[in-house]
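Inspection log for the structure reproduced underneath, given as structure tokens.
The values are calculated or read from the model by the stated rules, or taken from the named source; none is laboratory data. Since the model is a prediction, treat every value here as computed from it, not as a measurement. Virtual Cβ from ideal backbone geometry, glycine too; neighbours counted across all protein chains shown. The protein model used for the area step is the full one, side chains on, heavy atoms only, and it has no ligands, DNA or RNA in it. Shrake-Rupley method; radii C 1.70, N 1.55, O 1.52, S 1.80 Å.
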Amino acid sequence: MSRLKRVTAATRAGWHSFLRRRTAVFFTFFFPVIIVAIFAGLVQTQPTGGGIFAEPPAYYIPGYLAVVVLFTPLSRVGSEIARHRDGNQFEKLATTPLERWEWLLAQTLVNVVVIGLAGLLLLGLTVLVTGVSIPVTPATLLLIPFVAVGVALFCGIGALLGNFSDSQDGVVAASNAIALPLLFLSETFVTPDLLPAWFRPAVGLSPLTYFSRGVRALTYSGETLSAVTTNLAVLCVLALFFFAAGAVTIPRTD
């Protein structure tokens, strides 16, 4: 079996495995609805009020997308690795030609499709609830690689969490402990001017920052294409690094 066929088969198996978990399917798509309903529909924004949510509604589109791009891969991939380890599934995979990085690539592709659909739903709800208008230009299509690369990046980090956590509960706890600070300290919902001056340089250490900057440039701020591609390039480098790190640390059984 060729490498392409192996990855395709593993991706198909991962997709059907996801669909069989109806609770996971429900919350994967219902969670964005809750976020948009609370923050965009109920809390709303106050452009002249100061503090959090003081920017126009379109400013927070990267934050809404970041919810699914960040939380879902961390918990899903980490839990999948922990479940495979606890069920001795990696021993069974070792008897097949499928390599560890191919297995992780298949899991990543499944997450890209799932989160891409959830992100599309989220964008539609945001437009419907807040009335924001997203620029429709050829450059807007760059949202697709931003979401795909962002998902791959956090799939890699999720793989690391799954490999170093001793249980599925540990994965969930670790993913929440990482995701919550990143969600609010990566130029998503909290603007940099609200943070202490001494802390602002640390925002650049968050991988999610480059996702939010790039998405905001495409949907709100209208920055130059070079600024968009720079953030995408940084995101790609980080994604390759964390994907490789996650693949290397997947348990060896051969």
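Past the 21 angstrom mark, what percentage of all C-alpha to C-alpha distances in region 133-208 do you count? Above the 21 Å cut-off, region 133-208 has 46 percent of its Cα pairs.
Computed from phi, the 3J(HN,Hα) profile of region 57-72 under the Karplus parametrisation 6.51, -1.76, 1.60 (θ = phi - 60°) reads x, 5, 4, 9, 4, x, x, 5, 5, 4, 4, 7, 5, 8, 6, 5 Hz, with x in place of Gly and Pro.
Within the accessible surface of the chain, defined with a 1.4 Å probe on protein heavy atoms only, the carbon and sulfur portion equals 69 percent.
Looking at region 48-121, none of the chymotrypsin sites (Phe, Trp or Tyr not before Pro) sits in a DSSP loop with at most 13 other Cβ atoms within 10 Å of its own Cβ. Think of a 1.4 Å ball rolled over the protein heavy atoms: the chain then has 48 Å² of accessible area per residue. In whole angstrom, the chain maps to an equivalent ellipsoid with semi-axes of 33, 18, 18, each derived as √(5λ) from the alpha carbon gyration tensor and ordered largest first. A probe of 1.4 angstrom, applied to the heavy atoms of all protein chains, finds ASP166 with accessible area near 130 square angstrom.
Per-residue Karplus couplings for region 118-131, computed as 6.51 cos²θ - 1.76 cosθ + 1.60 with θ equal to phi - 60°, are listed in order as 5, x, 5, 4, 5, 4, x, 5, 4, 4, 5, 7, 9, x Hz, Gly and Pro entered as x. Taking amide H as placed 1.01 Å from N in the peptide plane, ALA94 has no amide H partner under 5 Å among residues 5 or more places away or on another chain. Estimated from helical segments only, the mean residue ellipticity of the chain at 222 nm is -23000 deg cm²/dmol, where each DSSP H run of four or more residues counts as -39500 (n - 2.57).
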